[in-house]
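See below for the structure under consideration.
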């Protein structure tokens, strides 16, 4: 429920009065409090008077020589000062968190990117930030990032309409591949349209946004063709998809950043190298561009450096 403006304004005024009361106690005089707070002495007197009026008690006994707390004033002072100290401590911690890499950082990350790029490189970065507790949660979709308490997300795909801040990290090529054993059994197609032949088994990958398999597209410059492929098997996890392709079960379309090493090792053969221009983006998301915590900025910069 939204707090009423009048109540919020009253709380602000009360805190201001408490600060003045504390300064008078520390300085043991209204003049000393005025100097410490860079206020006029009448201003200090008025702030204390307003606080007394709101509380309905007299806080100070004042003579020409001394200022001391009344019994009611002492009781209030003893009760409120620990709360004020806790507020100061929380404020300092929040300010420190804006510049220090510390605390808990929860990240929604694509499983394939995590496996290929983070698994072997994250240790040294964590060593450099010992006050940070990092939680990586692999998902096949972005989901409700804010509602689920994520500080950062790293996902393949084009950004959906939302209030999230999206930062493009890279474009990876899409390559079509198969094992030498598969090609020996089913033949080596030289044109993408050959995959429409039922003799070819094409592994399907489910789009988490639509819940349907990704279409098989082929791009060359401004030319694009979409091929209706045949396949008994649909997968929604990149590691399983890759392992099925490496087992020779079918033809696959996968990210070049996952396939290039396997092609170099001759475990996979790239089909249709003259159709090289289909690409898929990788984005990082965070909830707001204002006051981004240092822990979020640090991991985002680290990830951006990995894919630069």
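None of the figures in this text is laboratory data; all of them are computed from the coordinates on show. Not measured: the values here are computed from a predicted model. Cβ: placed from backbone, ideal geometry, glycine included. Neighbour counts: every protein chain shown.
Some notes on this structure:
- Beta bridges by DSSP in segment 103-308, antiparallel share as percent, to the nearest 5: 65 percent
- In the chain, helical runs assigned H by DSSP with n ≥ 4 each contribute -39500 (n - 2.57); averaged across all residues and rounded to the nearest 500, the mean residue ellipticity at 222 nm is -12000 deg cm²/dmol.
- Folded to 0 to 90 degrees: helix 5-27 orientation relative to the chain principal axis, Cα: 60 degrees
- Cα gyration tensor category, rounded, prolate or oblate, for segment 224-303 with a/c compared to 1.5: prolate
- Here each label is just a point 7 Å from Cα along the line to Cβ, and for residue 236 and residue 72 those points are 6.6 nm apart.
- Note on segment 215-264: the C-alpha convex hull projects to 4.4 nm² when averaged across all orientations.
- Note on residue 209 and residue 134: the extension gain reaches 24.3 nm, defined as 0.36 nm multiplied by sequence separation minus the Cα-Cα distance.
- Degrees, to the nearest 10: 294-307 long Cα axis against longest axis of the chain: 20 degrees
- Take every pair of alpha-carbon atoms less than 8 Å apart whose residues are at least six positions apart; their mean separation over the length of segment 103-308 yields a relative contact order of 32 percent.
- For segment 16-72: span of alpha carbons on each principal axis (Å, largest first): 27, 24, 16
- The overall shape of segment 151-308 is prolate: from the C-alpha gyration tensor, with semi-axes ordered a ≥ b ≥ c, the ratio a/c is 1.5 or greater and a/b exceeds b/c.
- Shown for 21, 145: other C-beta atoms within 10 Å of each C-beta, ranked fewest to most, produce the order 145, 21.
- Cα gyration tensor, the chain - rounded (a/c under 1.5), prolate or oblate: prolate
- Degrees between helix 41-55 axis and first principal axis of the chain (Cα, 0 to 90, nearest 10): 80 degrees
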